[in-house]
Amino acid sequence: MALRIEQDFKSTEGLCGFIFDEDLTIYEVETLKKNVSNELDKYSQFEIDLAGVEEVDSAGIQLLLAFKAELMRQKKEFNLSAMSHSVTKLVNDFGLSGELNIGDSL
Amino acid sequence: MSDEGLQIFADEAEDLLSLAEQALLNLDDLNNITDTLEGIDDLFRTFHTIKGAAGLFGLNTIVDFTHIVESVLVKIREGALTVDDEMVSLFLSSRDHLEKLVEHSLQEGEVLDPDLKQNDESLLNKFSVYLGDSSGAILTEKNKLTTGQLELSDEDDDGVINENWHISLRFGLNTLRNGMEPASFISYLNNIGEVKHVTTISDAIPVWAEFDSESCYLGFELELFAPSTNKEALEEVFEFVQDDCKICILPPHSHIDSYIKLIEDLPEEQMRIGDILVACGALTTHEKDNILSTQDKITDQVTASGAEQKVPPLGKIAVGQQVVQQAVVDAAIKKQSVIKQQQGNAQQTIRVNALKLESLVNLVGELVIGSANSELNARRLGDSDLNEAMGNLLRLVEEVRDTALGLRMVQIGETFNRFKRVVREVSRDTGKDIELRISGAETELDKTLIEKIGDPLMHLVRNAIDHGIESPKHRLAAGKSAKGVVNLDAFHDSGSIVIQISDDGGGLSKEKIITKALDKGLIQENQQLSDQEIYRLIFEAGFSTAETVSNISGRGVGMDVVRKNIESLRGQVELKSAVGKGSTISIRLPLTLAIIDGFQVRVGDAHYIVPLDMVEECIELNDALHGGDERANYVNLRGEILPFMHLKEMFGMHPVATEIVQTNKNDECRENIVVVRFAGKKAGFVVDELLGENQTVIKPLGKVFQNLKGISGTTILGSGEVAMIIDIPEMVNRVIDSGQNSFIPQQHSKNLNCNF
Amino acid sequence: MVQQLENDKGLDASFSAEVAQYLTFILGNKVYGLDILNIKEIIEYGEVTEVPMTPDFVSGLINIRDSVLPVIDLSKRFTGESSRHTKRTSIIILDVKNEDLSIELGVTVDMVNEVLDINTNEIEPAPALGNNIQTNFIKGMAKVDGALLILMDIKNVLSVDEISQVGSVQGAAS
């Protein structure tokens, strides 16, 4: 499963961890969106771990952006904890290193 | 390619090359940088047009060669090279070479003969010196020869934001579904150049609930550093998504100047703004079409809403869409208005086959004779309606005549301009400093005259430079300026065209001429000669006063051949000179060869024509004018002394039987004097009857009568009779010469005194 | 009026010699012949306009279909005696070659006769006859039906260079 969802991630109350294990491309985004949607309303903090992502494309990046935007709208926390090499590259190519970087929260 | 097409190309190239020559020669005369740059622009335009046309015909040698010439011109324009004498000479040589290449292109096959090939290479080598390194520069230039657009060199520095292309992308919703990946475009761009900056625009992403993860809502703003590419190439990158996506490519700021320059260099045709922008590369065709359809949509909306709104012009839309800078649009607008103005002023010209024109003029001649004949017959019938109709017809025929003859008139300026080059080269060769001044370039001559006068004129100009103008050393020693001046002038004067070549050189010494003439046995000792006659000796065969005969003018063969050439055109040549001051040679030529307005007279049984434009007036010959002395050969014409002669006598004709003289109504002996003027001289000729104006179609005399003096041609009258055209210049000279030699009134040997 | 050139019964040429056709005509009381190769047409004597300051043998100019051609009095040129203008007087229009140019002109003759075929071997060289006739005008003589035919050399008779000296004859002015 591409996405591992861990409630009470890192033993923090209310923190949901999304761990993306495999690819983050157009082929997966539909499913991923559904999975993420299920957890959206339940939590107020989210942490994303992209260290395990091998292949990533625009659809994947777009998904991340959409998710982040939604969290901002709901005034929830968004934290990107790790990025694989391919993710970092694409984020840089898209000039999004300001938007999608490790460590910063909202 | 069709032969005819090639011929048209060759003809146009010829015109362009002669323009190029003029432009090059003008460069010599220019002092300020603005004019020089304009001159360079003119030259660039000319070579550019030739290159384009040659490209159409696949004439690669010409294309390649012209391209190199263009490149050097560009460098001059950019300030990287300056124009100097050597460069102008190199350009002149390449112009000549191009001429040969064009000629060659009319034959089959691309293979150049060895001479041409060698010349080609040697010129290219010389150019490459200007372009930087020897073969590298040429090759780079040749490789850039694909789009005909101006391409920047690789030396441009980067880092400044305005050196970058600004590409704005808004991908369509289905982009991802269609299998396209925006990231791959960005990496492809990184192959072409360097993507300096990317901004991802994500504000099109809808709220999570409506967000379709498989649709594409992304947009990008890119800064691309890619100096050696152009809009077309960039547009091609997005070929597969261009239908769905919004793509705006804005060229780097630094390109503005080159776009503007390209716009200025566009040919002088009416073009719409969109087309101008596409032509210079600031817009791609695709972009232009998009804008046009946007315009259409706006137009529809405005019409539908009925509002009083102005549809924005294409330029404005383009700037709004961020596909072109305002400055470039401004340049395009300016170009458009310049062309409009020029076209308003420019003369529309059309090339005409010379043979067709000749046959037209011949036919018009026949028409003139035929209508004169008809008019004569009509008059006999005495029908007034018919006479009126004939009168109208004759007037129309006269207009047709004037127009047809006018077609053959060409400005002499073209011929004069050729001499600039001659002067330049000869001055260099002889080490003299000479300026050629030209006036009266708009004066028009019959085409055939222009062609035939070229060589004699060339010779005279060369002569003036060679023998007339002294070396700078001599001139300074004589208290003159080091620079000598040769003047070429042309103007109309009483039915003739006068071409004058004058120089402020050393002049001709009468004594030297006389000595030489005596030496050559052309004159006798103690022969009395007027100044005119002395100078005329120059034109005798075998004459040359120069101490050293230079290669340029050749041995004395020159002047007498020049005179013969001019006389065969029914012209005259005359020389005036002042020692130490200079000389002036005047050539007089008849304005037309074919049809003139004539004044018909009867002398004895025969009819003669006097060219009307030389006729001043007609007066009666009577006692009052004679001042009572019937033997005088001059009359008092309102205080002026007018010499005259009887044509009958001059023609050595038999005295007329008195019956004819008496047919005059009033039974008086009335003779008329036709007063003519030529070259400022006036004379009178007594004739038996004045017969009025007549359209005279000149039939040349032919070889049999070529030495006949006094008659310059014949014509056919309406009656079918042959009438002779009097050579007024010759006759006037005779009257004056005879008058000069004896002031005593002549005794008339024939009994022309009528005491009735 | 243009007279058609009529061909007489052709004398068959003997194998080696050439046969040429000659137009025969009368000047004064003698018969002459001209090679028809140079002849363009024959017309009636018409209006000839005198040209001043020309030698006597130049009759003047004539208008033929809007072309102006010079006319030479052949009798005057050849024999020194002027042509008598009768009803039978004709003008033969010739095409004379001079260097590269061909010049059209007319010559007046008293009367035109028939065209004869004459074999080259029938032509004898011209004897030195009376002083009126310049020998270089004559190509040769031929006997036809007992009569003597003088064959003219058109090029010499009408040597254009000579004729064009006409202009050098000045009028009797002053």
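The numbers here are math on the coordinates, done by the rules we state, and not lab data. Please read all numbers here as calculations on a predicted model, not as lab measurements. Note: ideal-geometry Cβ built from the backbone for every residue, glycine included; neighbour counts use all protein chains shown.
Can you tell me how much longer the chain between C:Met111 and C:Asp145 gets when fully stretched, taken as 0.36 nm per residue apart minus their C-alpha distance, in nm with one decimal?
Length difference between fully extended and current span is 10.3 nm.
Straight-line reach from A:Lys33: which lysines fall under 22 Å, measuring Cα to Cα and dropping same-chain residues less than 8 apart?
A:Lys42, A:Lys68, A:Lys75, A:Lys76
Test of understanding: ordering B:Ile62, B:Ile333, B:Ile499 by Cβ neighbours within 10 Å, fewest first, what list do you get?
Starting with the residue having the fewest Cβ neighbours, the order is B:Ile333, B:Ile62, B:Ile499.
At what distance in nm do the modelled label points of B:Asp203 and B:Lys512 sit from each other, each positioned 7 Å from its Cα along Cα→Cβ?
9.0
In terms of modelled amide H atoms, which long-range or inter-chain residues lie less than 5 Å from the amide H of B:Leu283?
So B:Leu283 has HN proximity to B:Val278.
If each residue of separation counts as 0.36 nm, what is the full-extension length gain between B:Asp300 and B:Glu194 once their alpha-carbon separation is subtracted?
Using 0.36 nm per residue and subtracting the Cα-Cα distance, I get 34.0 nm.
Using Cα positions and a limit of under 24 Å, work out the lysines in reach of B:Lys334, with same-chain residues fewer than 8 apart set aside.
B:Lys231, B:Lys261, B:Lys288, B:Lys310, B:Lys316
Find how much the distance from B:Lys117 to B:Lys334 grows on full extension, using 0.36 nm per residue of separation minus their present alpha carbon separation; answer in nm with one decimal.
Here the answer is 73.9 nm.
So, counting K/R as plus one and D/E as minus one, what does the shell of residues with Cβ under 10 Å around C:Glu44 add up to?
The answer is +2.
Could you work out, residue by residue across B:202-209, how many beta carbons of other chains sit within 10 Å of that residue's beta carbon, and then give the average as an integer?
5
Residue-wise, which Karplus ³J(HN,Hα) couplings in Hz belong to the stretch B:164-175, taking 6.51 cos²θ - 1.76 cosθ + 1.60, θ = phi - 60°, and x for glycine or proline?
So the J values, rounded to whole Hz, are 9, 6, 10, 10, 10, 10, 10, 6, x, 4, 8, 3.
For the stretch B:225-230, just list the computed ³J(HN,Hα) in residue order, Karplus coefficients 6.51, -1.76 and 1.60, θ = phi - 60°, integers in Hz, with x standing in for Gly and Pro.
9, 8, x, 9, 10, 9
Note down the nm distance, to one decimal, between modelled labels 7 Å out along Cα→Cβ at B:Gln411 and at B:Gln532.
3.4
Taking R0 as 35 Å, what FRET efficiency do you get between B:Ala441 and C:Asp66 from their Cβ-Cβ distance, rounded to the nearest 0.05?
E between B:Ala441 and C:Asp66, to the nearest 0.05, is 0.40.
Exposure proxy check: B:Ser168, C:Ser59 ranked by fewest other beta carbons within 10 Å?
Taking fewest neighbouring Cβ atoms as first place, the list is B:Ser168, C:Ser59.
Could you derive backbone 3J(HN,Hα) for the stretch B:324-331 from the dihedral phi with the Karplus parameters 6.51, -1.76 and 1.60 (θ = phi - 60°), listing whole Hz in sequence and x where the residue is Gly or Pro?
Each residue's phi maps through the Karplus curve to give 7, 7, 4, 4, 5, 4, 4, 4 Hz.
For the pair B:Glu640 and B:Asp11, what calculated FRET efficiency results from E = 1/(1 + (r/R0)^6), where r is the Cβ-Cβ distance and R0 = 56 Å, to the nearest 0.05?
Once the sixth-power term is evaluated, E becomes 0.60.
What FRET efficiency comes out for B:Glu388 versus B:Lys356 if R0 is 25 angstrom and r is the Cβ-Cβ distance? Round to the nearest 0.05.
The formula returns an efficiency of 0.15 here.
Per residue of B:212-220, what is the mean number of Cβ atoms on other protein chains within 10 angstrom of that residue's Cβ?
Neighbouring Cβ atoms belonging to other protein chains average 5 per residue here.
What is the mean number of Cβ atoms from other protein chains located within 10 Å of the Cβ atom of each residue in peptide B:180-186, rounded to a whole number?
4
Under a plain spin-label model, where a point goes 7 Å from the Cα along Cα-to-Cβ, how far apart in nm are C:Ser82 and B:Leu19?
Modelled inter-label distance: 6.6 nm.
Would you mind checking which residues have amide H under 5 Å from C:Met111's amide H? H placed 1.01 Å from N; only 5 or more apart, or other chain.
Distant-sequence amide H within range of C:Met111: C:Ile26, C:Ser90.
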